Amino acid sequence: ITSEYNGIFNVINELTGLNKVYSVTKGEVTRLTTKNGGATWDWENRTIGKAEPKGIEIISDVPISVNVLMGKPYSSEGYTAIPVNAWGKKYIHNSYYDFNEVKPWRTGFLIIASENKTKIKVKLRGMPMGAATADPSWKIGETNTIQLDKYETYLVQGDGLTLGTFDMSGTEITSDK
């Protein structure tokens, strides 16, 4: 997390009781990691097909930039977090295939709710048609609906057992909030 200003920010999850305050110094990076206890985001140890209270909210008294990096032994990926007030209600997922090589790397996406009782419709697209995700109730070509409360996340992933044949690109995700 970085900023052009000196300030403070809170990392919050009311469902789990998380509420930590950090400072940000102009032009410097404040790192929150799983090693220093500042971040609890753990993609590898999430339950597939079940709502979990693992989302976090970051509130700052100054404008900040939040950049997320997920490092693994063989690859890394990252993104810049989008403020909730800039979120939309419709997304199209773009991903990479399941990749069973060194270990089963799963394609997938994570949904998070910013408000209670958010209804989300997921039209699972990709290839091959009819193939199931790691949760067999989710199949390409079908539409599922879930409801999440604020801070809840929902993970949809492949099983990671194919090499370049299972992909969920084109999946439509829409919500009422």
Inset, instruction - Please tell me if residue 116 is at pLDDT below 85 and either over 16 Å from the mean Cα position of the chain (by Cα) or among the acidic types (Asp, Glu) (or both). - result: no
Legend entry - Per-region count, the range 64-75, residues open to solvent by less than 80 Å² (accessible area, probe 1.4 Å) and assigned to a strand (DSSP E or B): 4
Inset, instruction - For the range 46-61, indicate whether the set of residues that are in a loop (DSSP other than H, G, I, E, B) and farther than 25 Å from residue 171 by Cα is non-empty. - result: yes
Inset, instruction - Test each condition in (1) touching a Ser or Thr at 6+ places or on another chain (Cβ under 7 Å); (2) in a loop (DSSP other than H, G, I, E, B); (3) among the hydrophobic types (A, V, I, L, M, F, W, C) for residue 129 and report the one that comes out false. - result: (1)
Legend entry - Residues of the range 87-126 satisfying the condition of being open to solvent by less than 60 Å² (accessible area, probe 1.4 Å), hydroxyl-bearing (Ser, Thr, Tyr) and in a strand (DSSP E or B): 118
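The values are calculated or read from the model by the stated rules, or taken from the named source; none is laboratory data. The structure presented is a predicted model; accordingly, all values stated were derived computationally and were not measured. For neighbour counting, all protein chains shown are included, and Cβ atoms are generated from backbone atoms with ideal geometry for every residue, glycine included. Note: areas computed on protein heavy atoms with side chains; ligands, DNA, RNA excluded. Shrake-Rupley method; radii C 1.70, N 1.55, O 1.52, S 1.80 Å.
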